[in-house]
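Novice: Before anything else, here's the structure in question.
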Amino acid sequence: MKDWGGRGEAYAASYAGLCAGTADALLSALGAPEDRSLLDVGAGTGLLAAAFADAGWATTACEPEPTMRAVAEREHPGLRVVDGALPDLPFVASSFDAVVANFVLNHVADPRASARGLARVSAGLVAATIWTTSPSWLWVEVCELAGLTPVTGERLPPEKDFERTADGFERMLRDAGWQNPEVSELTWTWRAEPSALWASAEGGVGGAGLFYGGLDPDDRARFREAFERVCATRSTGGPVPLSHTAAIAVGRAR
C-alpha cells in the first residue's frame, strides 16, 4: 500500500483540499450534531474533522502518521488529535455516536477488517468514502505525454480486494457487517492550482509522487515538462478544473 510517511506537509499543500470536497455531503448525511460525538479515522491533516467540529460535533481526529498529526495540530489547535490506525483503533466499543473514514478504505491492507473496526467503535452511524474516479487520471495523461509508462496501482490479493464502484463498495461493507449501508456517488470539480498539483508529485504524495520519486533526472525533466503542458491545456487562466467522483456510504454499526 502507499507509504504516507513524512508526507504531511506535501499532502496539506495538495490533495487535502480535494479530499475535503465530501464534507458537505457527509455533514448532511449524518444530520444535526445535537451534542453527538464523532470520530474521523484517517483524518490526515484535519480539514474534514475541523469541518465537523465547526458544525457542532464533539470531534476526535484519529491519524497514525506523525507529520499528518503535526499539521492537524498546528492548523486546527482546538481539535482533539490522537494516534491510531485501522483495523485496531485505540477506543473501546461504541465510543462515538458516529464514525467517519474519508478516502481511507481504498488504502488499507484489509478493507473488510478495517470497515469492521470502524463499526466496532460506533454506537450508531458509520460513514466512509472511496474514489470511483480518482485523481490518478491526470497523472496518466502526464505520463502518456512524456512518453513514460505509468505504474499500475498496487492491488490487494483477490480475497481482500473489492470492486471500486458504488455497488462494489456497498457489497464490501455488507460483508463487513455494516447494517443497511446506502451508497451514493458525488462528482465535483476541484479547481487546483498547478503549484498544488506539483507539490503532490514533488512531495511523494500518492501513486504519482512515488512514481516521480523513482525517476532519473532526465525522466523527471520530461515528466515536469509534460505536467506543465497538461496544465496549460486544461487551465482556464489559473486553476486547473479537474472532475472527480467519490462513492459515499452511510450505514449503521449494528
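All of the numbers you see were taken from the coordinates with simple rules; none came from a lab. It should be emphasised that the depicted structure is a prediction, and the values quoted were computed from it without experimental measurement. Neighbour counts are summed over all protein chains in view; Cβ atoms, including those assigned to glycine, are modelled from backbone coordinates with ideal geometry.
Novice: Using only C-alpha positions, report the orientation-averaged shadow area of the convex hull of the range 3-79, nm², one decimal. Walk me through the numbers before you get to the answer.
Specialist: Working: hull surface 18.9 nm².
Dividing the Cα hull surface by four gives the mean projection, 4.7 nm².
Novice: Taking the DSSP beta bridges in the chain as the whole, what percent of them are antiparallel, to the nearest 5?
Specialist: 55 percent
Novice: To continue, here is another question. Regarding the chain, what are the three Cα extents along the principal axes, ordered largest first, in Å?
Specialist: Between the extreme Cα coordinates on each principal axis of the chain lie 53, 41, 31 Å.
Novice: Note the per residue figure in Å³ for the convex hull of the C-alpha positions in the range 132-203.
Specialist: 138 Å³
Novice: Please list the equivalent ellipsoid semi-axes of the range 88-236, computed as the square roots of five times the alpha-carbon gyration tensor eigenvalues, in descending order and whole angstrom.
Specialist: That gives 35, 16, 14 Å for the three semi-axes.
Novice: Now, a different point. R0 = 25 Å: FRET efficiency of Thr187 with Arg155, Cβ-based, nearest 0.05?
Specialist: Between Thr187 and Arg155 the formula returns 0.55.
Novice: Among Ala10, Leu79, Ala128, whose Cα projects farthest towards the positive end of the dipole of the chain, with charges put on the beta-carbon of Lys, Arg (+1) and Asp, Glu (-1)?
Specialist: Ala128
Novice: Something else: Evaluate the charge dipole of the chain about its Cα centre and quote only its size in Debye, nearest 20, assuming +1 on the Cβ of each Lys and Arg and -1 on the Cβ of each Asp and Glu.
Specialist: Dipole of the chain, to the nearest 20 debye: 300 debye.
Novice: Given axes a ≥ b ≥ c from the Cα gyration tensor, I'd like to know whether the range 31-112 is rounded (a/c under 1.5), prolate (a/b larger than b/c) or oblate.
Specialist: Oblate.
Novice: Once Rh is set to the Kirkwood radius over Cα pairs, what Stokes-Einstein translational diffusion coefficient, in µm²/s, holds for the range 79-124 at a temperature of 25 °C and a viscosity of 0.890 mPa s?
Specialist: 225 µm²/s
Novice: With 10 angstrom as the radius, rank Thr165, Thr152 by how many other C-beta atoms surround their C-beta, starting from the fewest.
Specialist: Thr152, Thr165
Novice: Taking θ = phi - 60°, what integer Hz values does the Karplus form 6.51 cos²θ - 1.76 cosθ + 1.60 yield along the range 140-145, in sequence order, with x for Gly and Pro?
Specialist: Karplus values, whole Hz, x for Gly and Pro: 5, 4, 4, 4, 4, 5.
Novice: Residues with beta-carbon under 13 Å from that of Ala51, excluding Ala51: net charge, scoring Lys, Arg +1 and Asp, Glu -1?
Specialist: -4
Novice: Oh, and also: Less than 11 Å Cβ to Cβ from Ala13, Lys/Arg counted +1 and Asp/Glu -1: what total charge do the surrounding residues give?
Specialist: My count for the surroundings of Ala13 gives -2.
Novice: Can you check what the net charge comes to around Val81, using other residues whose Cβ is under 14 Å from the Cβ of Val81 (Lys, Arg +1; Asp, Glu -1)?
Specialist: Spelling it out: positives minus negatives among the neighbours equals -3.
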